[in-house]
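Engineer: Handing you this structure, nothing more for now.
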Amino acid sequence: MFKAIYLTKSEDGKTLAQIKDMNLTELPLVDGGVTVDIEFSTINFKDGLAITGKSPVVRKFPMVPGIDFCGKVQESKNANWKVGDEVILNGWGVGESHWGGLSQVARVSGDWLIAKPQALSSQECMSIGTAGYTAMLCVLALERNGVHPDSGEILVTGASGGVGSFAISILSALGYQVVASTGKKDEYAFLIDLGAKEVIERSLLSEAGKPLQKERWAGVVDTVGSHTLANACASTKYGGVVTACGLAGGMDLPLTVAPFILRGVSLIGVDSVMASKAVRENAWARLAKDLKPSVISQIAKVVSLRDAINVAEDILKGSIKGRVVVNVNQ
Ligand code: NDP
């Protein structure tokens with residue numbers, strides 16, 4: 001038997017979340033599947049949407065949410081994995097269309113797993129989680145497109161959230177000058193501690209702005225979308241690079257082509273869910289190398305599986321600072 005958060009849909013269309021005692025025989029059958037004893041999972045923005053039912057991210061019910069996890073292989077039908085291997089899973093539709101990580105056990109395709117970096121504990125891996133891995137994908141995209149620490153200031157939006165916090169930590173550790181945009185007045189000190197050299201008020205970017213604005217950013221990590229992303233593009237320097245990975249402020253993009261055709265700005269989309277194994281392994285290797293362990297624990301707090309259901313509401317209100325790790329065995 002094991003425990004999991006179990007989502008069902010009521011007749012009036014509401015999502016109901018409960019902790020359920022389950023049997024291993026209830027786990028989905030997967031060709032080449034690997035059964036994992038989970039140690040830690042996390043609550044991401046998408047998990048908040050799944051657990052509360054605020055947005056239709058869950059493709060079928062019943063569902064076990066949780067888009068990421070770290071744990072040890074209990075049973076393997078995949079030649080690449082054996083009992084006891086320590087593994088990480090991020091994305092692949094897990095927690096949306098396939099039972100996920102907010103559970104003590106999961107069964108997934110072996111092709112979706114990567115090996116846990118030896119330098120990181122499983123709690124550290126999930127403190128980083130999908131948010132930190134996505135932040136690293138944004139940093140790699142900036143590097144790939146020619147942005148380096150001497151290029152100039154890098155704007156990070158949604159700065160106190162999971163992706164934002166890790167983007168600041170990684171960029172500052174690499175020597176970039178980071179400017180953090182936040183809506184939380186009482187988190188300025190936290191963001192400076194993570195390595196931001198300056199913090200700006202979220203409202204400077206979140207209202208409709210001019211198509212072209214004063215050039216400031218050499219690069220951007222945007223987790224917010226909508227006007228924030230439009231203003232970030234409009235104030236990026238000639239030849240600068242904007243990475244877009246989130247929609248915490250909205251899915252729309254009220255933008256003109258002016259920054260692209262007059263300043264050669266590049267807008268790069270970043271997706272963590274379907275990224276190839278090679279891309280994931282590179283990102284996690286860089287996380288193990290570039291992040292300081294003290295920063296990882298500063299960003300994350302740990303809650304139990306039961307508490308995770310309440311945290312889902314808070315993350316959608318934008319009131320969570322950093323990352324919430326779930327100890328599924330607590
Ligand atoms: P969090 O909820 O941890 O952080 C989001 C942050 O955005 C908040 O803390 C807040 O930061 C800011 N924010 C919230 N509401 C608004 C608003 N209305 N307008 C402007 N800013 C707002 O989420 P994550 O960091 O985990 O994820 C951020 C985004 O990235 C989400 O949209 C998520 O779905 C997406 N994502 C995408 C991935 C991908 O593969 N592309 C992978 C992971 C996440 P502050 O108060 O500091 O402004």
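Please treat every number below as a calculation from the coordinates, not as lab data. Because the structure is a prediction, the values reported are computed rather than measured. For neighbour counting, all protein chains shown are included, and Cβ atoms are generated from backbone atoms with ideal geometry for every residue, glycine included.
Engineer: Regarding residue 160, is this residue assigned to a loop (DSSP other than H, G, I, E, B), polar (S, T, N, Q) and within 20 Å of the chain's Cα centre (by Cα)?
Structural biologist: yes
Engineer: For the stretch 166-200, which positions are out of contact with any strand residue (DSSP E or B) (no Cβ under 7 Å at 6 or more places or on another chain) and either of a type in the set (Phe, Trp, Tyr) or within 9 Å of the ligand (Cβ to nearest atom) (or both)?
Structural biologist: If the condition is that a residue be out of contact with any strand residue (DSSP E or B) (no Cβ under 7 Å at 6 or more places or on another chain) and either of a type in the set (Phe, Trp, Tyr) or within 9 Å of the ligand (Cβ to nearest atom) (or both), then 166, 183, 184, 187, 190 are the ones that fit.
Engineer: Read through the list (1) of a type outside the set (Phe, Trp, Tyr); (2) touching a Pro at 6+ places or on another chain (Cβ under 8 Å); (3) farther than 30 Å from residue 285 by Cβ, then give the number of the only condition that residue 54 fails.
Structural biologist: So residue 54 meets the others, but not (2).
Engineer: Looking at (1) outside any loop (DSSP other than H, G, I, E, B); (2) within 16 Å of the ligand (Cβ to nearest atom); (3) under 25 Å from residue 276 (Cα atoms); (4) in contact with a strand residue (DSSP E or B) (Cβ under 8 Å, 6 or more places away or on another chain), which is the only condition residue 46 fails?
Structural biologist: Just one mismatch for residue 46, condition (4).
Engineer: For the stretch 51-75: of the residues being in contact with a Leu (Cβ under 7 Å, 6 or more places away or on another chain) and of a type in the set (Gly, Ala, Ser), which is farthest from the ligand (Cβ to nearest atom)?
Structural biologist: Restricting to residues being in contact with a Leu (Cβ under 7 Å, 6 or more places away or on another chain) and of a type in the set (Gly, Ala, Ser), the top hit is 66.
Engineer: Considering only the stretch 54-102, state which residues are outside any loop (DSSP other than H, G, I, E, B), over 24 Å from the mean Cα position of the chain (by Cα) and not acidic (Asp, Glu).
Structural biologist: Initially, the stretch 54-102 is screened for residues outside any loop (DSSP other than H, G, I, E, B), giving 63, 68-76, 86-90, 94, 98.
With over 24 Å from the mean Cα position of the chain (by Cα) added as a condition, the list becomes 74-76.
Within the stretch 54-102, 74, 76 qualify.
Engineer: Next question, about the same structure. May I ask you to list the residues in the stretch 263-290 that are of a type in the set (Val, Ile, Thr) and either free of Cβ contacts under 8 Å to residues at least 40 places away in the same chain or not in a helix (DSSP H, G or I) (or both)? Don't jump to the end; show me each part of the working.
Structural biologist: Here is the first cut: in the stretch 263-290, the residues of a type in the set (Val, Ile, Thr) are 265, 268, 270, 273, 279.
265, 268, 270, 273, listed by residue number.
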